Every structure is written in structure tokens, then in C-alpha cells.
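Inspection log for the structure reproduced underneath, given as C-alpha cells.
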Amino acid sequence: MIHEVIVTTVNKDKKVHIAPMGVKFLQTDSKKLVQISPFKPSQTLNNILETKIATVNFIDNVKVFSGIVTGEKKDWELEIFDDKCAPHLQNTNTHMNVKAIEDHDDPVRPRIICEVINEQIHRPFLGFNRAQFSVIELAVLSTRLGRIDDNKIRDEMKYLKIGIDKTAGKNEKEAWEWIEKKINIYFENND
Ligand SMILES: Cc1cc2nc3c(=O)[nH]c(=O)nc-3n(C[C@H](O)[C@H](O)[C@H](O)COP(=O)(O)O)c2cc1C
């Protein structure tokens, strides 16, 4: 199972980087392990290799995903649990501070295996929402423009919009509009 999350990392000068990523929990008897798989090149990858730490934010505010992939809002309020950990997002539901323990290099998509060293729940999970799902799907598509057929993107956008029209709140609508704008600009420039 892949969890769509926000990963916060720092470089050796403590400069923070925030990026959406898909992570997997790995089954072990003793340790709680999380696998992060950034494509090359990636600031997230560089930072983890440099400092060996990251923080995984499980968050239902989809504007964070949308804001980052569109560039509409890349900076989000951060909080520090501990000096030795990467900061977490102030508005996250749950965060896990992790430490990289294995690096499986790959020319395309290395896998970084991390051990969870701290875990905190900040706010409750309030159930599934179709509009949030739509925003996440469209956010992923928007990072693959030019690699996925334009007509497939148009079709998927039309389908995903149903979830927005039926179930979105103000936050999800705005998150959707940011990505819609990014995709439309891409279409206009590539017609
Ligand atoms: C929901 C979601 C999941 C993503 N998962 C990954 C991932 O697992 N690996 C990856 O490299 N990029 C992933 N991306 C794309 C990155 O967030 C985006 O390309 C970003 O720029 C990563 O590069 P960076 O670390 O240099 O910022 C995902 C994007 C979204 C919206």
C-alpha cells in the first residue's frame, strides 16, 4: 500500500524542503520501517542522503499537495519536534520523524529505507473525501505533463471533477483550481 504524504527534509545547513511523495510501510518484526522513493534528480533525495533524516507528514489538507506541485504556495508553517529531526508541518494530522538506515541506489528511482524514531498524532482523521482524492490524483497527473498523453489527462480531469463538484469544501476547490490552472497553461502553450 502506498500512502500519499508530504515529506519534509533538511540539507546540512538546515534549509527545509517540502515535497509530496508516496511512501510504503515495510513489514518487520521489530522495527517500524518506511520506504521513501524519490525519482532522480530530487532535492528530497539529496537532502536525505546528506543528513539521513526526514519527516513524513500524513495530512488531509490537500492544498499543501496542490500548492507545492503548482508553485502557488510552496512555504507552509513548520514546527520542530526535536533538533535532531526534520521539522513537521504545523497543519499535519500525524507526523513521523524518520532516520535513513539503507540506501538502495537506482539510476531512476532509488529506495531509501527509514526507521521511524518518533511518531505524533496532532489532529483526528475525519473520514474519506472524494474531492481530496480528486485533488491528489490531479496533482500527480500535473507532475507528469508531457509524459502522459494530453487527451488522457483531459479525460481524467473530467472524471475527477465529479468528486470536486459533489463533495468539495472551499479548501479542496481552491486546491483543484490551482492545479487546473497549471494544466490549462500547459495545454495553451502546447497546442
Ligand atoms: C501525491 C504525489 C505523490 C508523489 N510521489 C512521488 C514519489 O514517490 N517520488 C517522487 O520522486 N516524486 C513524487 N511526486 C512528485 C514530486 O512531489 C515532485 O516531482 C517534486 O518536485 C519532487 O522533487 P523534489 O524533491 O526535488 O522537490 C509525487 C507528487 C504527488 C502530488
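The values are calculated or read from the model by the stated rules, or taken from the named source; none is laboratory data. Keep in mind that what you see is a predicted model, and the values were worked out from it rather than measured. Don't worry about glycine lacking a Cβ; one is built from the backbone with ideal geometry, like all the others, and counts go over all protein chains shown. Note: accessible area is taken over every heavy atom of the protein model, side chains too, but ligands, DNA and RNA are not part of it. Shrake-Rupley method; radii C 1.70, N 1.55, O 1.52, S 1.80 Å.
Values for this structure:
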{"item": "Per-selection Rg to Rh, the chain - Cα, Kirkwood hydrodynamic radius", "result": "0.98"}
{"item": "Inter-site label distance for Asp103 and Lys84 at 7 Å from Cα along Cβ, in nm", "result": "2.0 nm"}
{"item": "Percent accessible area from carbon and sulfur atoms, the chain, protein chains only, probe 1.4 Å", "result": "49 percent"}
{"item": "Ordering of 56-68, 98-110, 15-27 by packing [mean C-beta count within 10 Å, highest first]", "result": "56-68, 15-27, 98-110"}
{"item": "CD proxy at 222 nm, helix term only [per DSSP H run n ≥ 4: -39500 (n - 2.57); per residue of the chain; nearest 500]", "result": "-12000 deg cm²/dmol"}
{"item": "Spacing of the two label points (7 Å from each Cα toward its C-beta) at Ile148 and Glu177, in nm", "result": "2.3 nm"}
{"item": "For the chain: relative contact order, % (alpha-carbon pairs under 8 angstrom, 6 or more apart)", "result": "20 percent"}
{"item": "Segment Asn184-Phe128, extension gain: residue separation times 0.36 nm, minus the distance between their alpha carbons", "result": "17.4 nm"}
{"item": "Centre separation in Å (Cα based) which lies between segment 71-116 and segment 142-157", "result": "28 Å"}
{"item": "Filtered trypsin sites (Lys or Arg not before Pro), segment 121-191: DSSP coil and at most 16 other beta carbons within 10 Å", "result": "Arg144, Arg147"}
{"item": "Local electrostatic count at Met1 - Lys and Arg +1, Asp and Glu -1, tallied over other residues with Cβ under 15 Å", "result": "+1"}
